[in-house]
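Before any comments, here is the structure.
No value in this document is a laboratory result; all are computed from the given coordinates. Values in this document were obtained by computation on a predicted structure and should not be read as measured data. FYI the Cβ positions are ideal-geometry reconstructions off the backbone, even for glycines, and counts take in every protein chain you see.
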Amino acid sequence: MTGTNIHIAASFLKSGNVVAIPTETVYGLAANAYDPDAVLRIFEIKQRPRFNPLIVHLSSINQLGRVAEKTDPVLLQLAYHFWPGPLTILVKKSALIADLVTAGSEFVAVRVPNHPLTLKLLSLIDFPLAAPSANEFGKISPTTAKHVEESLGNKINYILDGGSSVVGIESTIIKMDAGKIVILRPGGINAEQISEITGYVPQLAEASNQAEAPGMLKSHYAPTIPLYLGKIDELISVHAGKKIGILAFTEQRQDASIIFQKILSPSGDLHEAAKNLFSYLHQLEQSGAELIISELLPETGIGIAVNDRLRRASA
Ligand code: TXA
Ligand code: MG
């Protein structure tokens with residue numbers, strides 16, 4: 001069932017069930033982070049490998065002490081500045097957090113999501129919510145309740161509908177490593193914003209296919225049809241005669257092979273492009289096109305996070 005009733009959502013969560021929740025980044029598949037059985041259900045529904053840990057969502061920074069044994073002061077400073085918002089920090093976990101949540105790691109990833117409905121929901125319950133994105137493992141992330149319904153609707157009791165996610169791309173995940181800030185996944189908060197607050201220049205962790213860096217799996221966010229990344233006009237000639245879907249940054253193309261086309265931001269606004277990315281990929285996937293042709297955005301600001309998702313989608 002899909003609806004906007006936080007009391008229904010809260011009662012399912014209190015009884016150990018999984019509920020889809022809206023956030024400003026993407027929809028999450030949430031359960032009580034203190035309850036291993038409830039968390040296990042998330043992994044089953046999502047068909048997610050157990051080695052891939054979950055982000056824990058708090059109602060406010062005041063809850064941090066319950067889930068964290070220790071927090072690096074630099075990360076705490078960033079949390080004060082950007083929460084609620086699309087920044088996830090890694091902190092030494094407290095015993096309350098189920099081991100399944102962190103896949104055995106002593107660090108737990110936490111954030112306070114910036115969505116009015118979900119913040120109200122979090123204030124109705126006395127436990128934090130473990131929640132990965134509410135899509136099947138490896139598929140395109142959901143930015144509307146309808147996306148969740150289409151992929152997981154028959155497996156969950158309740159989808160809390162909070163409209164379209166306004167950021168549209170997942171949170172930035174950071175940790176401290178030997179006195180440096182490392183970005184494990186680029187997202188809604190960019191490196192310059194982190195530098196401005198802390199004076200540190202963050203480093204980007206490298207993508208790999210190893211289980212030790214689960215959030216960084218190269219092939220992820222994959223549409224069910226191939227996605228080719230490069231110069232759009234050249235790729236159109238290479239694939240001429242096939243049913244082509246185009247995902248362009250600003251500019252519309254004309255070609256007999258194009259059967260569906262989406263423009264991420266006609267005015268060249270990177271935030272608008274990020275907000276539209278997953279929703280347009282969902283539409284392209286369902287358009288009847290045999291393949292998707294797309295291009296990278298300028299490698300700056302949130303464009304870095306969008307390009308990261310496009311590269312993974314094309315891997
Ligand atoms: O914006 C977001 O972060 C969304 C919303 C729902 O909050 N969540 C999200 O979750 O994107 P998910 O599971 O799709 O991606 C979380 C990533 C995973 O790839 C995981 O590897 C990494 O965070 N992660 C979680 N806990 C971690 C930990 N303890 N250590 C290292 N990486 C962790
Ligand atoms: Mg995900």
*What is the distance in Å between the Cα centres of the stretch 1-32 and the stretch 267-282?*
25 Å
*Net dipole in debye of the chain [+1 Lys, Arg Cβ; -1 Asp, Glu Cβ; about Cα centre; nearest 20]*: 480 debye
*residue 106 versus residue 62, label points 7 Å from Cα toward the beta carbon: distance in nm?*
3.1 nm
*Degrees separating the helix 270-285 axis from the principal Cα axis of the chain, which is the longest one*: 70 degrees
*Charge dipole (debye, nearest 20) of the stretch 1-57; +1 at Cβ of Lys and Arg, -1 at Cβ of Asp and Glu*: 120 debye
*Any number yet on Rg/Rh for the chain, C-alpha, Kirkwood?*
0.97
*Taking a ≥ b ≥ c as the square roots of the eigenvalues of the Cα gyration tensor of the stretch 7-66, is the shape rounded (a/c under 1.5), prolate (a/b larger than b/c) or oblate?*
rounded
_Please state the shape class of the stretch 126-261: rounded when a/c is under 1.5, otherwise prolate if a/b exceeds b/c and oblate if not, all from the C-alpha gyration tensor._
oblate
_Relative contact order for the chain: what percent, with Cα pairs under 8 Å and sequence separation of 6 or more?_
19 percent
*Rounded to the nearest 20 Debye, what is the dipole magnitude of the stretch 14-172 about its Cα centre when Lys and Arg each give +1 and Asp and Glu each give -1 at the C-beta?*
60 debye
*Work from the charge dipole of the chain (Cβ charges, +1 for Lys and Arg, -1 for Asp and Glu, about the Cα centre) and give the residue of 292, 237, 158 farthest towards its positive end.*
158
*Rank these for me by crowding, 269, 72, going from fewest to most other beta carbons within 10 Å.*
269, 72
*Please order 118, 144 by the number of other Cβ within 10 Å, starting at the fewest.*
144, 118
*Assuming a ≥ b ≥ c are the square roots of the Cα gyration tensor eigenvalues, decide whether the stretch 213-315 counts as rounded (a/c under 1.5), prolate (otherwise, with a/b larger than b/c) or oblate.*
oblate
_Cut-off is 10 Å between beta-carbons; in what order do 15, 279 appear when sorted fewest neighbours first?_
15, 279
*asked:* Nearest 10 degrees is fine. How inclined is helix 36-46 to the longest principal axis of the chain, computing both from alpha carbons?
replied: 10 degrees
*Taking all pairs of different Cα atoms in the stretch 55-110, averaging 1/r and flipping that mean, what Kirkwood radius in angstroms comes out?*
11.2 Å
*What stretch of the chain, leaving out the sites themselves, is the longest with no GluC sites (Glu not before Pro) in a DSSP loop having at most 16 other Cβ atoms within 10 Å?*
1-105
*Helix 303-314 axis, angle to the chain major axis (alpha carbon atoms, nearest 10°)*: 70 degrees
*What percent do you get for the relative contact order of the stretch 256-315 when only Cα pairs under 8 Å and 6+ apart count?*
32 percent
